[in-house]
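J.: Please read through the structure below; I'll follow up with questions.
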Amino acid sequence: MLIVDDEPLVHAAVRRVLRHDLDIVEKLSAEDALEDLEDELESGDFDLVLLDVNMPGVPDGVDFYRRLRQIDPARAPAVIFMTGDPGAARALSDATRTKCLEKPFSTDELRKAIAEVVA
């Protein structure tokens, strides 16, 4: 799983919850993720991306998502968005048909979202 979020606290919390269940790679920006992991993303090395919607810089989370949609669907990772804006969470989930967690989310919500998306 790849976590792309500009908040180190989110990385630490997710890592603490899932470290025994998943291999986790972490990036603090969409730009870093694309620069450092483009080949891995293209080749299907990630099954899941946990992606913050609002991050400083370009690309942001939505731009990163659009880039992921350009990958061959057979190799593209599943995406779970994260955002602190409940309205954006609903709108984004409806528009993209992608799971979106509202921050802060519980351990159970995270595990349930991952199970739904990966299943």
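J.: From the residues in the stretch 29-54 that are over 12 Å from the mean Cα position of the chain (by Cα) and among the hydrophobic types (A, V, I, L, M, F, W, C), which one is nearest to Ile114 (Cα to Cα)?
T.: Looking at residues that are over 12 Å from the mean Cα position of the chain (by Cα) and among the hydrophobic types (A, V, I, L, M, F, W, C), I get Leu41.
J.: When only residues in the stretch 1-56 that are of a type in the set (D, E, K, R) and touching a residue at least 40 places away in the same chain (Cβ under 8 Å) count, which is nearest to Ser93 (Cα to Cα)?
T.: Asp52
J.: I would also like to ask the following. Would you be able to say whether some residue in the stretch 49-56 is touching a helix residue (DSSP H, G or I) at 6+ places or on another chain (Cβ under 7 Å), more than 21 Å from Ala12 (Cβ to Cβ) and of a type in the set (A, V, I, L, M, F, W, C)?
T.: No, every residue in the stretch 49-56 fails to be touching a helix residue (DSSP H, G or I) at 6+ places or on another chain (Cβ under 7 Å), more than 21 Å from Ala12 (Cβ to Cβ) and of a type in the set (A, V, I, L, M, F, W, C).
J.: From (1) free of Cβ contacts under 8 Å to residues at least 40 places away in the same chain; (2) among the hydroxyl-bearing types (Ser, Thr, Tyr); (3) under 16 Å from Met1 (Cβ atoms), pick out the condition that doesn't hold for Thr83.
T.: Going through (1) free of Cβ contacts under 8 Å to residues at least 40 places away in the same chain; (2) among the hydroxyl-bearing types (Ser, Thr, Tyr); (3) under 16 Å from Met1 (Cβ atoms) one by one, Thr83 breaks only (3).
J.: Tally the residues that are surrounded by fewer than 13 Cβ atoms within 10 Å (Cβ to Cβ) and in contact (Cβ under 8 Å) with a residue 60 or more places away in the chain, restricting the search to the stretch 86-113.
T.: Selection size over the stretch 86-113: 1.
J.: Shifting gears a bit: Let me spell it out: the conditions are (1) closer than 19 Å to Lys112 by Cβ; (2) at pLDDT below 95; (3) in contact with a Gly (Cβ under 7 Å, 6 or more places away or on another chain), and Arg75 meets all of them except one. Which number is the exception?
T.: Checking Arg75 against (1) closer than 19 Å to Lys112 by Cβ; (2) at pLDDT below 95; (3) in contact with a Gly (Cβ under 7 Å, 6 or more places away or on another chain), the one that fails is (1).
J.: Can you say whether Gly61 is buried (at least 18 other Cβ atoms within 10 Å of the Cβ) and under 23 Å from Ala115 (Cα atoms), as far as the supplied structure shows?
T.: So Gly61 fits the description; yes.
J.: Going by what's in this entry, would Val79 be described as among the hydrophobic types (A, V, I, L, M, F, W, C), surrounded by 12 or more Cβ atoms within 10 Å (Cβ to Cβ) and over 12 Å from the mean Cα position of the chain (by Cα)?
T.: Answer is no for this residue.
J.: Further question: Listed residues Leu110, Leu101, Leu92, Leu68; which is assigned to a helix (DSSP H, G or I) and within 22 Å of Ala12 (Cα to Cα)?
T.: Leu110
The values are calculated or read from the model by the stated rules, or taken from the named source; none is laboratory data. Quantities reported herein were computed from a predicted structural model and do not represent experimental measurements. As a convention, Cβ positions derive from the backbone with ideal geometry for all residues, glycine included, and neighbour counts pool all protein chains shown.
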